[in-house]
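Report on one structure; see the data block that follows.
The values are calculated or read from the model by the stated rules, or taken from the named source; none is laboratory data. The shown structure was predicted, so the numbers you read here are calculated from the model rather than taken from an experiment. With ideal geometry, Cβ positions are generated from the backbone for all residues, glycine too; neighbour counts draw on all protein chains shown. Accessible surface areas use protein heavy atoms only, side chains included; no ligands, DNA or RNA. Shrake-Rupley method; radii C 1.70, N 1.55, O 1.52, S 1.80 Å.
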Amino acid sequence: MVPELAEAAAHAHAVVDKTGYTLLAPEAAELIRQTGWTGLVFCGIATENCVLKSAADAFEHGYVSWIVTDASASDAGPEVHDAGLLVARRLIGTGQLVTSDHVIDQLTAYAGIPVLE
């Protein structure tokens, strides 16, 4: 884990050490199943690899997947990021690519509503 994320990780619901491209390794898949989550929001570095693979795998396993476009990037440059988003639109749907403002608005709408985890 990069040092800049260590403090945030200390407050996370869970931290999964992902060793491949996809989040949906056995440990994470079990966590998702146990918590009863039906939708997953993805962002990160390597839009065209890890973000895309995780979102597509989640979609194929019956979860609703969203990719936060302005909270993702590619270390190979903006063109590769854009290519990853193009493929994502084909795999999980155009409406599943959202901005961080959209995610914040959705979370704000649930503020104060009890959520069972």
Problem set entry | Selection from Ser74, Gly44, Ile32 lying farthest towards where the dipole of the chain points positive, charges on Cβ | Ile32
For this session: Between Ser100 and Thr38, take the C-beta separation as r, use R0 = 25 Å, and let me know the FRET efficiency to the nearest 0.05.
Result: 0.75
Problem set entry | Potential extension, Glu30-Glu4 segment - 0.36 nm per residue separation minus Cα distance | 6.6 nm
Exercise. Rounded if a/c is under 1.5, else prolate if a/b beats b/c, else oblate: with a ≥ b ≥ c from the C-alpha gyration tensor eigenvalues square-rooted, which is the stretch 1-69?
Worked result: oblate
For this session: Before anything else, pin down the relative contact order of the chain: Cα pairs under 8 Å, at least 6 apart, normalised by residue count, whole percent.
Result: 22 percent
For this session: Find the accessible area per residue for the stretch 1-44; the probe is 1.4 Å, ligands and nucleic acids are left out, and the unit is Å².
Result: 74 Å²
Problem set entry | Portion, in percent, of the accessible area of the chain that falls on carbon or sulfur, probe 1.4 Å | 59 percent
Problem set entry | Segment Tyr110-Leu91, extension gain: residue separation times 0.36 nm, minus the distance between their alpha carbons | 4.0 nm
Problem set entry | Prolate/oblate/rounded call for the chain, Cα gyration tensor, a/c under 1.5 rounded | rounded
